[in-house]
Amino acid sequence: MILLPAIDILGGKAVRLARGSFDEKTEYDADPLQAARRWVSAGAHALHVVDLDGARTGTPVNLEHVARISGDVDVPVQVGGGLRTTAAVKEAIDAGAARVVLGTAAYSDIDFLDSAVAELGDRVVVSVDARDGRLATSGWTEQTQIPIESVFERLGGRGVRRFVYSSIDRDGMLDGPDLEGARRAAHAVRGSLIYSGGVSSVDDLRALAQLREVNLHGVIVGKALYEGRFTVSDGQTALA
């Protein structure tokens with residue numbers, strides 16, 4: 001498994017939200033490129049970049065920063081946030097995204113999803129964001145009653161092979177990962193899975209590694225890295 005430092009961009013700055021709430025944000029870097037350089041210099045093998053402005057508005061806002069980051073670092077950068085049209089996905093790819101992370105549109109526009117998968121294959125990642133094991137959409141603002149297992153099955157049937165599973169209630173709270181949710185997601189996915197939410201220590205990373213789910217390929221970490229709870233190197237060692 002690999003560690004993917006998160007760079008969430010809001011208003012041109014690298015921030016972290018608590019439980020996905022835009023009213024509960026902490027600013028860490030005035031320039032997201034500073035964060036990217038720091039994590040890659042510390043040994044990150046990939047980066048997870050989210051355009052929070054784009055997630056909220058439905059169209060990309062911070063692709064300029066994505067281009068600056070992708071052009072500066074020598075690791076893959078996966079990008080999400082506001083990618084709800086074919087044109088938006090193309091803009092993200094043109095900005096240097098190695099993979100695009102789709103959320104809301106993957107559920108609301110099947111033709112768009114099918115087109116993206118046909119064009120980009122496994123460069124498409126779908127984010128399955130959940131509260132209490134059920135899907136949330138529209139930048140985590142709309143809650144459904146759809147179990148995550150049904151979501152993974154439906155998306156897998158349309159050819160999606162890469163997923164991010166995010167535990168919204170854990171996100172930015174530093175109160176430990178949703179191990180049961182990660183296990184449920186891994187069992188439901190036919191492909192590769194990245195986990196996100198609540199990681200606060202290397203022990204949390206070891207706990208995820210000790211699930212021994214062969215398709216759990218990575219863990220996204222944000223606040224714990226920004227606040228110095230552990231280093232990228234220590235985190236990567238724990239996952240290995």
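The values are calculated or read from the model by the stated rules, or taken from the named source; none is laboratory data. All values reported here derive from a predicted model rather than from experimental measurement. So basically every Cβ, Gly included, is an ideal-geometry build from the backbone, and we count neighbours across all protein chains shown. Ligands, DNA and RNA are stripped out before the accessible areas are found, and what is left, the full protein with its side chains, is counted by its heavy atoms. Shrake-Rupley method; radii C 1.70, N 1.55, O 1.52, S 1.80 Å.
Table for the structure above
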quantity: Dipole of segment 1-145, positive end: most advanced residue of Ala105, Ala130, Met1 [Cβ charges, Cα centre]; calculated: Met1
quantity: Net charge dipole size for the chain [Lys, Arg +1 and Asp, Glu -1 on Cβ; Debye, nearest 20]; calculated: 420
quantity: Listed residue (Gln145, Val77, Leu52) projecting farthest to the positive dipole end of segment 32-179, Cβ model; calculated: Val77
quantity: Normalised per residue, the volume of the convex hull around the Cα set of segment 31-81 (Å³); calculated: 62
quantity: Convex hull per residue volume in Å³, alpha carbons only, for segment 1-90; calculated: 103
quantity: For segment 88-141, convex hull volume per residue from C-alpha positions, Å³; calculated: 85
quantity: Radius ratio Rg over Rh of the chain, counting only Cα atoms, Kirkwood formula for Rh; calculated: 0.92
quantity: Cα-based equivalent ellipsoid, segment 54-186: semi-axes from gyration tensor eigenvalues, Å; calculated: 24, 18, 14
quantity: Accessible surface, per residue, of the chain when the full set of protein chains is kept, probe 1.4 Å, Å²; calculated: 41
quantity: Spatial separation of Cα centroids for segment 36-73 and segment 179-240, in angstrom; calculated: 20
quantity: Nonlocal amide H pairs with Asp8, under 5 Å, H built at 1.01 Å; calculated: Val15, Val50
quantity: Net charge over other residues, Cβ less than 15 angstrom from the Cβ of Ala95 (K, R count +1; D, E count -1); calculated: -2
quantity: Highest-MSF residue in the chain out of Val79, Val89, Val214 [GNM, Cα springs under 10 Å]; calculated: Val214
